[in-house]
Amino acid sequence: MPKHIGIIMDGNGRWAKERGLPRTDGHVAGAKVFRKISDYCHDIGIEVVTFYAFSTENWRRPPTEVAALMKLFKEYLVEADEIKYDRQKGGYILRFIGDTGAVPKELQKLVAKTQLDALDENTTIINIALNYGGRQEILHSVKQIAEKVEKGELKASKITEEDIEAGLYTAGQPDPDLIIRPSGELRLSNFLTYQSAYSELYFSNVLWPDFTTDDLDEAILDYAKRNRRFGGV
Ligand code: IPE
Ligand code: IPE
Ligand code: MG
């Protein structure tokens with residue numbers, strides 16, 4: 001079983017287009033699948049699931065689409081806060097990774113609120129990658145290290161991989177064992193760039209709004225058959 005699964009929720013726009021609907025309807029449908037898959041990951045005992053919701057590059061989209069996405073994230077967080085399912089179900093907890101300081105103010109407040117929720121042992125961590133970019137994350141970590149060096153707290157020759165990892169948004173979490181990308185695109189699009197060094201990749205042609213728990217099972221079964229060598233024999 002993978003401890004940490006990364007999911008690139010892609011294909012919402014194409015799903016909507018196939019149905020003659022506006023792209024934003026695809027995002028609404030995709031958000032429902034996000035809920036279902038998060039629940040399922042908790043049920044089957046996955047420790048960490050990271051969902052790619054909005055990349056640092058997604059600001060290039062039309063302002064109306066960006067605004068619709070931000071509205072959707074906000075609605076989701078308000079709902080999550082009301083239900084508080086993270087505690088009541090002994091279920092999961094939301095964490096945000098990415099440069100969340102650059103998202104709309106109202107959304108920032110909701111993000112800050114969920115980040116305060118305490119983590120207990122049996123909770124599944126649901127990371128939502130929001131305004132996330134792997135390169136931006138590495139830069140963020142490098143700047144923290146540079147500050148320590150500047151202050152004389154750390155010698156450049158003593159910098160370790162652990163120092164880099166400590167500055168990542170996923171610090172303290174295991175690296176993703178499995179990264180799933182639906183929608184037929186064969187790339188990572190700046191997702192978990194540092195952490196994915198030894199991740200197993202799984203691509204599927206299903207569009208995210210059509211993605212089911214069976215599709216997830218299939219990905220996990222495929223993963224279970226692989227031989228992870230990490231450079232050994
Ligand atoms: C993923 O679906 C959602 C986000 C990137 C926010 P897309 O909107 O990229 O869907 P396609 O790739 O255009 O079908
Ligand atoms: C990656 O999907 C980002 C998210 C799913 C949030 P994109 O649709 O933005 O990726 P590209 O542009 O096809 O690489
Ligand atoms: Mg896409």
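Observations, loosely collected:
- The chain: most fluctuating residue of ILE126, ILE44, ILE97 per GNM, C-alpha cutoff 10 Å: ILE44
- Carbon plus sulfur fraction of accessible area for region 1-145, probe 1.4 Å, in percent: 55 percent
- Per residue, the convex hull spanned by the Cα atoms of region 10-118 amounts to 111 cubic angstrom.
- Shown is the FRET efficiency for TYR198 and LYS113, computed with R0 = 45 Å from the Cβ-Cβ distance and rounded to the nearest 0.05: 0.85.
- Loop-resident GluC sites (Glu not before Pro) (DSSP state other than H, G, I, E or B) in region 34-78 with no more than 16 further Cβ atoms inside 10 Å of their Cβ: GLU57.
- On a per residue basis, region 57-206 carries 56 Å² of accessible surface, using protein heavy atoms and a 1.4 Å probe.
- Of LEU21, LEU154, LEU168, the residue with the greatest mean-square motion in the GNM of the chain, using alpha carbon springs below 10 Å, is LEU154.
- Taking trypsin sites (Lys or Arg not before Pro) as exposed when their DSSP state is a loop state and no more than 13 other Cβ atoms lie within 10 Å, the longest site-free interval of the chain runs over 20-83.
- Here region 149-202 has 49 percent of its accessible surface on carbon and sulfur atoms, given a 1.4 Å probe and all protein chains in place.
The values are calculated or read from the model by the stated rules, or taken from the named source; none is laboratory data. In this text the structure is predicted, and so the values were computed from the model without any measurement. Because the Cβ atoms are built from the backbone with ideal geometry, glycine has one as well, and the counts that use them run over all protein chains shown. Note: areas computed on protein heavy atoms with side chains; ligands, DNA, RNA excluded. Shrake-Rupley method; radii C 1.70, N 1.55, O 1.52, S 1.80 Å.
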